1. Can you tell me the mean projection area, over all orientations, of the convex hull of the stretch A:443-612's alpha carbons? Units nm², please.
2. Over all directions, what mean area does the Cα convex hull of the stretch B:231-277 project, stated in square nanometres?
3. With r defined as the distance between the Cβ atoms of residue A:120 and residue B:34 and R0 fixed at 30 Å, what FRET efficiency is calculated, to the nearest 0.05?
4. What is the distance, in nm, between label points placed 7 Å from the Cα along the Cα-to-Cβ direction at residue A:610 and at residue A:275?
5. If we sort B:38-51, A:83-96, A:188-201, B:188-201 on the protection proxy, mean other Cβ atoms within 10 Å, highest first, what's the order?
6. Place a point 7 Å from Cα of residue A:388 in the direction of its Cβ. Which residues in the stretch A:319-333 have their backbone N less than 16 Å from it?
7. Mind checking the mean number of beta-carbon atoms from other chains within 10 Å of the Cβ atoms in A:441-449?
8. Can you compute the FRET efficiency between residue A:109 and residue A:347 using 1/(1 + (r/R0)^6), with r the Cβ-Cβ distance and R0 = 41 Å? Round to the nearest 0.05.
């Protein structure tokens with residue numbers, strides 16, 4: 001008797017907790033229904049304001065829909081560890097560059113840890129890591145451990161910075177998690193402007209102030225490159241490559257200049273123009289070529305010491321309307337970096353048309369900035385963001401206030417994004433998008449419809465089958481089934497997990513599997529009844545003897561679902577989760593709940609031999 | 001209502017025919033796997049996919065011509081049955097470029113028929129190999145877990161035969177995916193993450209029916225002579241036949257609903273689970289139990305089963 005009371009209490013508690021956990025979902029649904037039924041805008045605003053707390057509260061605690069149902073973006077980004085480790089190295093020479101190049105190639109093919117690849121590569125060359133990393137006295141293991149720590153820190157920092165950017169951009173309920181040693185998973189529900197978000201996330205936001213070299217040096221350098229190219233006759237004719245479908249057809253590979261060579265008296269000047277005042281530029285369609293040319297190691301060797309050729313971020317419009325990208329020769333080592341920036345603000349410039357970003361520096365930066373500007377009056381300082389020159393103003397006077405400006409920005413929107421990334425700070429290393437899945441809201445609505453339809457049909461089909469096949473006993477199984485579905489949904493809502501389309505598939509599958517326990521029990525009861533047992537003892541025996549097969553089958557299904565949850569990624573986890581909850585819950589609903597129903601019915605003499613069909 | 005009530009099929013006598021049947025099915029699947037291989041989905045192959053939906057009916061070849069003419073290289077397939085097309089191409093980080101390229105091409109040349117890009121998936125090669133590995137790990141780990149659990153609950157021979165039956169079921173489905181892959185517009189039958197989920201579901205569930213039969217054999221075999229084994233196996237299977245079929249039946253019913261209503265994204269999964277459970281029911285009667293029978297017969301040693309109840 002005591003046991004029975006305990007079971008009843010347990011059922012009551014489970015039902016109440018499930019109802020309590022699903023209550024906000026119901027409120028959220030009915031509140032938004034009411035809101036939708038109000039036609040006029042002022043009325044709906046009034047309703048919204050007067051019920052604001054309740055609406056927000058309900059929404060926060062209600063059952064979340066997955067990205068696929070709601071629409072949104074799922075991104076996996078990878079922190080470029082090779083770049084990170086390169087930053088950490090010193091004494092870099094050609095050998096080091098070659099090794100890192102090999103490592104980069106291997107890293108892109110496999111999922112092995114970059115640090116392992118590096119140490120393997122160094123072992124192969126019979127070199128010690130301490131030649132380039134940290135202290136010469138460190139052993140390889142110490143260095144590996146240190147670098148591992150570095151990359152872990154870098155991943156966490158990248159996560160925080162990206163979270164900052166997303167928060168400032170304003171996405172409701174973003175989820176950002178790290179996976180392994182170099183991956184970030186970012187879930188952004190309801191994002192409409194994917195393009196902008198993508199740009200916002202992937203930029204490193206490495207801001208540098210670099211001194212420009214004199215125009216004469218630029219001209220001389222370009223001449224030297226040209227002469228070199230003539231001697232090696234190695235530049236392709238520009239017209240060969242019209243790079244408009246580059247992104248898709250993978251023609252990018254054929255862009256490497258060595259592929260097609262054309263002898264020309266002035267190969268470089270086919271691509272680059274030089275103005276009278278000594279500034280150089282390239283046109284839009286030869287930009288790709290120039291960039292790849294400038295990255296060639298033999299070209300890099302021709303540059304003066306500690307300099308770099310950089311392109312402008314945005315084109316200037318030439319006389320005949322063509323887009324021209326200025327080319328700058330800048331010092332390689334920056335005078336000042338973005339770390340000193342404390343505040344950034346997007347605004348319109350003095351003429352009120354050109355958007356720009358105003359920046360303020362901390363005290364250390366201010367002091368340095370004053371010294372740098374004071375020492376370089378009349379010279380130009382390039383403001384470089386992620387390797388592209390935004391502007392290169394001439395220093396008019398010493399700037400003691402620590403203020404600076406980025407201009408050369410196309411739209412206010414872009415200025416605002418710059419403001420966000422500058423405030424959030426630079427990423428420790430470049431990040432790449434390696435997986436992206438986005439679902440539009442219309443497809444999400446389709447998925448919801450399909451999911452609800454499947455749930456309804458599966459429930460109807462299975463519950464009607466149970467009624468037809470097992471008569472009265474089928475009712476008990478069906479009640480248990482309803483409770484099972486409620487439990488699955490309430491656990492999802494209670495633990496703030498979200499429901500996705502695969503999750504719904506998991507519930508549908510659970511519907512079919514949950515009644516299995518009842519089938520096993522009922523078949524056993526039928527068997528005992530056929531053997532001449534009395535109804536009451538047949539039921540007892542049925543539950544007793546079917547239990548071992550039920551347990552076995554549940555344990556195997558649960559363990560498979562659990563492993564799927566552990567090793568699975570993204571959408572598959574949603575499926576595994578609902579299957580797991582549903583299977584576990586069915587142990588309770590199909591056994592405990594139905595048994596209580598039978599003992600209730602038996603107590604009232606509402607069951608006969610015929611009740612099991 | 002009762003189906004399969006008091007049957008008396010001689011399953012053990014027909015087991016050799018069943019073995020041959022299973023071997024033929026497995027062999028044809030394996031041959032197809034070796035010759036034709038599998039259609040890997042974007043999860044395992046890496047690449048970019050864009051799902052385009054049009055407002056009005058349009059022919060797949062028209063869309064293909066338009067995209068070809070615009071210089072967007074990739075392959076285009078009908079997706080599901082409603083004016084949707086799946087365009088797939090190589091992976092590169094610039095999905096926005098791909099999207100605008102496709103969008104511009106279709107807007108320019110198919111003005112009267114508005115389209116919408118409803119889904120974009122891009123999976124880089126490193127992620128793809130990652131997914132492949134974790135899928136394989138999950139599958140092997142679950143088989144091991146089942147082997148250990150059933151071994152612990154029954155006996156090693158029972159467990160091994162059960163796991164062989166699971167292998168049988170999964171390989172049959174895999175073979176079927178290879179044979180039928182790409183034949184139907186409404187389900188491309190590509191290997192992707194959801195199919196791995198299907199395999200694990202099959203693995204977890206296939207053993208359910210087997211355990212029901214095992215459980216009955218265990219209940220009855222204790223203290224019996226070796227010569228009675230054939231009769232005990234047959235009777236056990238007949239006694240549990242009804243529940244074996246009804247339990248699978250309810251799951252098949254809900255998977256069928258998924259197949260019909262849940263849309264093309266789930267269809268491959270539903271197909272795999274449906275076939276898997278069908279085969280799983282067959283294999284628990286015709287593969288798992290007979291294998292144990294043959295093993296016991298050849299080993300000629302009495303079984304030591306754990307957990308059998310004497311009441």
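Derivation of every value follows stated rules applied to the coordinates shown; laboratory data play no part. No experiment lies behind these values; they were computed from the predicted model shown. Positions of Cβ are backbone-derived with ideal geometry, glycine not excepted, and every protein chain shown enters the neighbour counts.
1. Details: hull surface 40.1 nm².
Directional mean of the projected Cα hull area for the stretch A:443-612 stands at 10.0 nm².
2. Working: hull surface 13.2 nm².
Approximately 3.3 nm², given one-decimal rounding.
3. Numbers: r = 34 Å, r/R0 = 1.13.
The computed FRET efficiency comes out at 0.30.
4. Roughly 10.0 nm, to one decimal.
5. Values: B:38-51: 21.2, A:83-96: 14.4, A:188-201: 17.6, B:188-201: 24.9.
Most protected by this proxy first, the peptides run B:188-201, B:38-51, A:188-201, A:83-96.
6. A:323-328
7. Details: counts 1, 4, 9, 2, 0, 7, 5, 0, 2.
Averaged over the peptide's residues, the number is 3.
8. Given R0 = 41 Å and the Cβ-Cβ separation, E is 0.35.
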